[in-house]
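Step one of this worksheet: look at the structure below.
The values are calculated or read from the model by the stated rules, or taken from the named source; none is laboratory data. Here the structure is a predicted model, which means the values were calculated and not measured. Here the Cβ positions follow ideal geometry from the backbone for every residue, glycine too, while neighbour counts run over all protein chains shown. Accessible surface is based on the protein model in full, side chains and every heavy atom, while ligands, DNA and RNA are left aside. Shrake-Rupley method; radii C 1.70, N 1.55, O 1.52, S 1.80 Å.
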Number of protein chains: 2
Amino acid sequence: MAFELHPQLLADSVPVAVLELCDIRLMDAAAVPWLLMIPRRTDLREIIDLDESAQLTLWREIALVSKMLRNEFHPTKLNVAALGNVVPQLHVHVIARFSNDAAWPKPVWGNLPMVPYIDEARDTMVLRLQTALKP
Amino acid sequence: MAFELHPQLLADSVPVAVLELCDIRLMDAAAVPWLLMIPRRTDLREIIDLDESAQLTLWREIALVSKMLRNEFHPTKLNVAALGNVVPQLHVHVIARFSNDAAWPKPVWGNLPMVPYIDEARDTMVLRLQTALKP
């Protein structure tokens, strides 16, 4: 079966980039720079469901996205998490957190107002991320 | 400077195992099997602060601990997260989550009653984890 993005992830985020393994998407929550990484493989629940070589690629891509977010936004802390209790399709959150963001120091889930970007700000953000991700 | 475990991590958890890179500790919260992995390196905040070879070791050790928790407890979902908004010393949570646990489907942080193990149950759990982690 071909890979299909889970409808909830599709609804919550917009596309940014396509890496070797993962689709990179921007969570439509303007409060913090919040990226989703979704390996384009079917029937994955856990990182350890990926074969070893794909796990390596995932970690490399997480490091790439982490460095990009740090260089671009100078966050107080990066939050990197694979939870998936609500959306079962394997996805990894990489989030730039700031000591003055609306949820700090709590995790974003359930604690951050999920206010979407205004259209222009979203476009600007996506373009900025795409540029920063270019090798 | 020699590596020293952050006092908060020391207070919240008990030792389980010492891997090549990480100390593995059991969070003293009886509600779910919840492990902490702390790389024994000084002055780390982010995973990407580790050199590339240590990052690889970290990912390998996370996979090892993840597989062990899955084999041992058959959780509904593993939660793997490097947050560190409260305790700045780099640490990774690997948590076995169940669809009937007290915080499900929310993340554990702030949503799980942090009731410690009774002494005997803690000892039994540590021994079980140590046995399961042995190669």
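Any idea how many residues of the stretch A:93-132 are within 15 Å of the chain's Cα centre (by Cα) and either under 15 Å from A:LEU78 (Cβ atoms) or among the acidic types (Asp, Glu) (or both)?
Residues meeting the conditions: 9.
Show the residue pairs that are 6+ apart or on different chains and have beta-carbon atoms under 7 Å apart, the first residue being within the stretch A:80-94 and in contact (Cβ under 8 Å) with a residue 12 or more places away in the chain, the second being outside any loop (DSSP other than H, G, I, E, B) and polar (S, T, N, Q).
From residues that are in contact (Cβ under 8 Å) with a residue 12 or more places away in the chain, the pairs are A:VAL80/A:SER66; A:LEU83/B:ASN79; A:VAL87/A:GLN8; A:HIS93/A:ASN79; A:VAL94/A:SER66.
Could you tell me how many of the residues in the stretch B:101-121 are surrounded by 13 or more Cβ atoms within 10 Å (Cβ to Cβ), charged (D, E, K, R) and more than 8 Å from every other protein chain (Cβ to nearest Cβ)?
Number satisfying all stated conditions: 1.
Do you know which residues across the stretch A:117-135 are farther than 18 Å from A:LEU64 by Cα and either charged (D, E, K, R) or in contact with a Pro (Cβ under 6 Å, 6 or more places away or on another chain) (or both)?
A:ASP119, A:GLU120, A:ARG122, A:ASP123
Could you list, in sequence order, the residues of the stretch B:1-60 that are among the acidic types (Asp, Glu), more than 21 Å from B:ASP123 (Cα to Cα) and at pLDDT 95 or above?
If the condition is that a residue be among the acidic types (Asp, Glu), more than 21 Å from B:ASP123 (Cα to Cα) and at pLDDT 95 or above, then B:GLU4, B:GLU20, B:GLU46, B:ASP49, B:ASP51, B:GLU52 are the ones that fit.
Given the residues A:ALA82, A:ALA54, A:ALA11, which is the only one that is more than 25 Å from B:ASN71 (Cβ to Cβ) and either in contact with a helix residue (DSSP H, G or I) (Cβ under 8 Å, 6 or more places away or on another chain) or small (Gly, Ala, Ser) (or both)?
A:ALA11
Does A:VAL65 fit the bill of being out of contact with any strand residue (DSSP E or B) (no Cβ under 8 Å at 6 or more places or on another chain), under 23 Å from B:ALA63 (Cβ atoms) and of a type outside the set (Phe, Trp, Tyr)?
no
Return the pairs, sorted by first residue and then second, in which the second residue is open to solvent by 80 Å² or more (accessible area, probe 1.4 Å), the first residue lies in the stretch B:106-120 and is farther than 27 Å from A:VAL108 by Cβ, the beta carbons are less than 7 Å apart, and the residues are 6+ apart or on different chains.
none
State all residues of the stretch B:22-60 that are within 14 Å of chain A (Cβ to nearest Cβ), more than 11 Å from the chain's Cα centre (by Cα) and of a type in the set (A, V, I, L, M); if no residue qualifies, say none.
Correct list: B:VAL32, B:LEU44, B:ILE47, B:ILE48, B:LEU50, B:ALA54, B:LEU56, B:LEU58.
Which of the numbered conditions does A:VAL86 fail, given that it passes all the others? Conditions: (1) more than 28 Å from A:GLN55 (Cα to Cα); (2) open to solvent by 70 Å² or more (accessible area, probe 1.4 Å).
(1)
Do we have any residue at all in the stretch B:69-89 that's among the hydrophobic types (A, V, I, L, M, F, W, C), farther than 20 Å from A:ASN79 by Cβ and within 12 Å of another protein chain (Cβ to nearest Cβ)?
Within the stretch B:69-89, one or more residues are among the hydrophobic types (A, V, I, L, M, F, W, C), farther than 20 Å from A:ASN79 by Cβ and within 12 Å of another protein chain (Cβ to nearest Cβ).
Testing A:THR42 on (1) free of Cβ contacts under 8 Å to residues at least 24 places away in the same chain; (2) over 20 Å from A:TRP109 (Cα atoms), one condition comes back false. Which one is that?
(1)
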